[in-house]
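This report refers to the structure that appears directly beneath it.
The values are calculated or read from the model by the stated rules, or taken from the named source; none is laboratory data. Computed from a predicted model, the values in this text were never measured in an experiment. Using ideal geometry, Cβ is built from the backbone for each residue, glycine included, and neighbour counts are taken over all protein chains shown.
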Amino acid sequence: MRADVEREFVEYVTGRMPRLHRAAYLLCGDATRADDIVQATLVSLYAKWGRARGADNIEGYVHRILVRRFLDERRSAWARVVLSDSLPERPDPAGTPVEDRDAVVTALRGVPRGQRAVVVLRFLCDLSVEETAEALGCSTGNVKSQSARGLATLRELMGGVPVTAARVGKVEER
Amino acid sequence: MNEDDARELLHATAAPVSGVDLETVVRAGRRRRTRRRVAEACGGVAVIAAVAAAVTVPAAVRDHAPATPGAADPAAVIEQAAASGASPSPVAVTCQGRELAVPSGAQGVTVTAIDPSGRYVAGWSVHGSGSLPILWTDGVPARLDVGAPSAEIGAVNRSGAAAGVASSADFATEWVFRYEHGHATKLNGLPGRWHYYPQAYLNDAGYVLVNAEPQGNSGGVGGVTLLWRPGSTTAEKLPLPTGTKNSAGIFGITDDNTIAGGTYADGAGRDAYVWDVQGHGRKLDAPQGTTAVAYAVRGDWATGGVWRAGHDGTLAVWNIRTGAVRVLPQEIGTDVNALGAAVNRTGKVFRPDGVATLPPLAKGQSVHGAFIADTGTVVGDVSSGHTSIPAIWTC
């Protein structure tokens with residue numbers, strides 16, 4: 001890759017890594033795996049940068065790779081061993097207080113992967129229904145239904161407790 | 001919880017500090033690039049991603065000596081279909097395609113080479129940030145253990161011997177390997193840390209070549225092209241084509257040790273060349289006012305692209321024995337066989353007598369042929385939406 005094009009890649013990625021890492025973390029609920037997902041995403045992006053840099057919707061393109069990496073984990077041997085032997089713990093639906101990010105992450109881990117991907121893309125990455133559908137390779141109707149189900153599941157897992165930013169603490173984007 | 005609650009919740013939820021190292025990403029990304037992607041990256045000008053290997057030699061008198069004995073007058077015939085607006089005629093050839101089986105659990109499989117007999121196919125699958133090599137024999141895939149956390153095969157010959165580039169887990173260290181008789185041999189490089197790109201090349205005789213640049217550089221700055229003779233693990237620097245002053249990148253070697261590639265200036269391709277391991281060679285002709293690079297060579301034929309300033313590259317097929325070149329208004333060529341049939345990423349086979357089309361395996365798929373054997377067998381992939389799978393066609 002030409003030096004100036006590589007610099008462009010590095011600049012683009014540098015500004016977006018924290019957010020991509022947060023999305024990956026909320027998707028998989030594990031910091032190490034989130035690093036693996038982000039790294040794999042960025043390596044893939046690097047390899048396709050010549051084409052990606054000219055894409056109309058590069059954000060959607062990057063998120064698509066990220067989500068595919070997350071969803072593909074289910075087929076990896078590592079995922080079979082780690083995930084199937086260690087089912088996510090579900091919080092007490094009777095109303096566990098939301099005190100820190102662990103509660104949110106634990107709740108998200110109880111949301112089926114497809115619904116979780118929709119919820120994270122829609123409400124963390126701020127993709128539109130159409131962009132989310134494109135990223136996941138499904139219909140907009142599917143996104144809407146998965147979104148509604150995902151929110152319902154999340155609501156149930158968090159015990160119906162209304163959640164505010166104040167309760168989970170203010171976040172500074174790194 | 002409504003949508004606004006969810007948005008507020010997720011935006012307010014921190015993640016632990018990321019351990020992703022951007023340098024590692026770039027190193028791994030450089031490794032991921034394959035010849036196919038190198039070709040795809042060529043938009044507008046002959047500037048190649050991770051291509052320009054700077055092979056420094058003393059300036060010498062320009063020498064256009066033929067690369068092969070009996071080569072014709074370099075005053076070549078240039079057939080410019082592009083200039084006349086002509087497109088190649090279809091030929092009555094039927095190609096049958098099928099999915100190429102992949103190892104259980106393999107993801108993101110990419111094919112990178114086919115041997116001249118069509119019996120062996122090389123490729124790799126995505127494994128985290130790295131790659132796992134795959135070798136198909138008669139259509140049956142097998143993972144190769146080359147003793148590395150990440151590796152990619154770049155070439156395979158008629159004997160099923162392969163050559164590739166391996167990496168340490170953090171991609172900070174790379175090495176070239178030769179794989180034969182079920183065993184991988186590490187080939188010693190030059191002192192220091194080098195990045196090898198875009199892949200290793202190998203011929204039937206067992207010569208292995210690769211472009212290399214010091215780790216941390218890009219665009220081929222400070223680079224060389226390395227050569228390992230059959231059975232040897234000691235690298236030699238490949239001389240530039242005699243008389244050239246610029247750097248060079250290599251992209252293939254024939255069974256009689258003719259090397260194809262191009263010269264580069266400031267990271268941009270200038271002239272397509274063929275030369276031998278002593279540096280004897282010649283520039284391949286291209287239409288006036290264009291730059292050119294050869295991306296593949298086999299037998300008497302080479303293919304690649306020619307560029308006019310500000311325009312996308314177009315397909316070029318050279319007969320390196322006669323010096324004749326055909327320039328067609330098509331995407332640049334990625335591979336060629338000993339009969340002069342070239343492929344590019346559009347799913348077509350450009351034969352001397354016309355063009356054949358590779359059919360999709362299912363309705364609505366895009367077809368990408370990438371490599372072609374002397375038998376006419378083509379390997380590549382078909383894609384639908386965001387999914388692509390490796391495929392093979394017999395024509």
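Within region B:1-26, if we keep just the residues that are among the charged types (D, E, K, R) and assigned to a helix (DSSP H, G or I), the residue that is surrounded by the fewest Cβ atoms within 10 Å (Cβ to Cβ) turns out to be B:Asp4. Taking the listed residues B:Ser131, B:Ser125, the one that is within 19 Å of the chain's Cα centre (by Cα), under 24 Å from B:Ile389 (Cα atoms) and free of Cβ contacts under 8 Å to residues at least 24 places away in the same chain is B:Ser125, with no other qualifying.
Being more than 14 Å from chain A (Cβ to nearest Cβ), over 15 Å from B:Pro116 (Cα atoms) and crowded, with 24+ Cβ neighbours inside 10 Å holds for only one residue in B:Gly305, B:Gly310, B:Gly354, and it is B:Gly305.
A single entry from B:Ala166, B:Ala155 fulfils the requirement of being of a type in the set (Gly, Ala, Ser) and over 22 Å from B:Asp374 (Cβ atoms): B:Ala166. Restricting the search to helices (runs of 4 or more DSSP H) fully inside region A:1-72 and requiring at least 2 residues that are under 18 Å from B:Asp170 (Cα atoms) and out of contact with any helix residue (DSSP H, G or I) (no Cβ under 6 Å at 6 or more places or on another chain) gives A:31-47.
When the strands (runs of 3 or more DSSP E) confined to region B:228-304 are screened for residues that are closer than 16 Å to B:Tyr207 by Cα and of a type outside the set (D, E, K, R), those reaching at least 1 such residues are found at B:247-253, B:259-265, B:268-275, B:290-298. Picking from residues in region B:184-202 that are over 18 Å from the mean Cα position of the chain (by Cα) and either modelled with pLDDT under 95 or more than 29 Å from B:Ile372 (Cβ to Cβ) (or both), the one that is surrounded by the fewest Cβ atoms within 10 Å (Cβ to Cβ) is B:Pro191.
Just one of the numbered conditions (1) in contact with an Asp or Glu (Cβ under 6 Å, 6 or more places away or on another chain); (2) closer than 17 Å to B:Gln96 by Cα is not true of B:Thr394; which one? Against the list (1) in contact with an Asp or Glu (Cβ under 6 Å, 6 or more places away or on another chain); (2) closer than 17 Å to B:Gln96 by Cα, B:Thr394 comes up short only on (1). The residue that is farthest from the other protein chains (Cβ to nearest Cβ), counting only those in region A:34-48 that are hydroxyl-bearing (Ser, Thr, Tyr) and crowded, with 24+ Cβ neighbours inside 10 Å, is A:Thr41.
Is there a residue in region A:17-33 that is farther than 25 Å from A:Val118 by Cα, surrounded by fewer than 24 Cβ atoms within 10 Å (Cβ to Cβ) and within 10 Å of chain B (Cβ to nearest Cβ)? No, region A:17-33 contains no residue that is farther than 25 Å from A:Val118 by Cα, surrounded by fewer than 24 Cβ atoms within 10 Å (Cβ to Cβ) and within 10 Å of chain B (Cβ to nearest Cβ).
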